[in-house]
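The structure appears right after this line, and notes come after that.
Rule-based calculations on the coordinates, nothing more; no lab input. Model, not experiment: these values are computed from the prediction. FYI the Cβ positions are ideal-geometry reconstructions off the backbone, even for glycines, and counts take in every protein chain you see.
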Ligand SMILES: C[S@@+](CC[C@H](N)C(=O)[O-])C[C@H]1O[C@@H](n2cnc3c(N)ncnc32)[C@H](O)[C@@H]1O
């Protein structure tokens, strides 16, 4: 059987296991947060595509109030988790669950990939665009948005749309992103 490079354990997968995180992706958010210092105690944070829960665990450890949304269940004490598509959840229900406007909106959402590069890219950009719409509805002025993006034909247009609403926007490709992956993260600060 052909080996799937995504299933090969690496030092981040090993570290996640040792440190009790549900996924190696926690080290992507941790690196972004160490570089940009986004998450602070007491903030209201929405985590879109939160399952299995490593980003949410990291956010909760920082003393933030968390609401997560995913198609599948997230088993983690401390946050509020909605089992729902991001296309079905409303900003009002997220605001109510958070107890006010959000300080940070995170999206690590990805579709089930097919291997067809452009099709996967377009499906992922659709999720990223929905995350951006939710962020624009929910964020308090000055808030931040961190969003996974699969590189492809529509990535630049997506980045430009985000740049219009935030004062500081950068692309970050954390070390934990696998070498053969086309993903990177848009880190947008100072929502206008
Ligand atoms: C890479 S995983 C997220 C990993 C998570 N950040 C963590 O650290 O545990 C991507 C997630 O996006 C979710 N997702 C995909 N489409 C979605 C949708 N329409 N609504 C909500 N979540 C979705 C998937 O179910 C999957 O759990």
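Exposure proxy shown here: for 55, 184, the number of other Cβ atoms within 10 Å sets the order, fewest to most, as 184, 55. The Rg/Rh ratio of the chain, with both radii computed over alpha carbons and Rh defined as the Kirkwood radius, is 0.94. Taking the fewest neighbouring Cβ atoms within 10 Å as the starting point, the ordered list for 139, 160 is 160, 139. Peptide packing: for 141-150, 57-66, the average count of neighbouring Cβ atoms within 10 Å per residue gives the ranking 141-150, 57-66, highest mean first. Highest average first, the peptides 24-30, 114-120, 34-40 ordered by how many other beta carbon atoms sit within 10 Å of their residues are 24-30, 34-40, 114-120.
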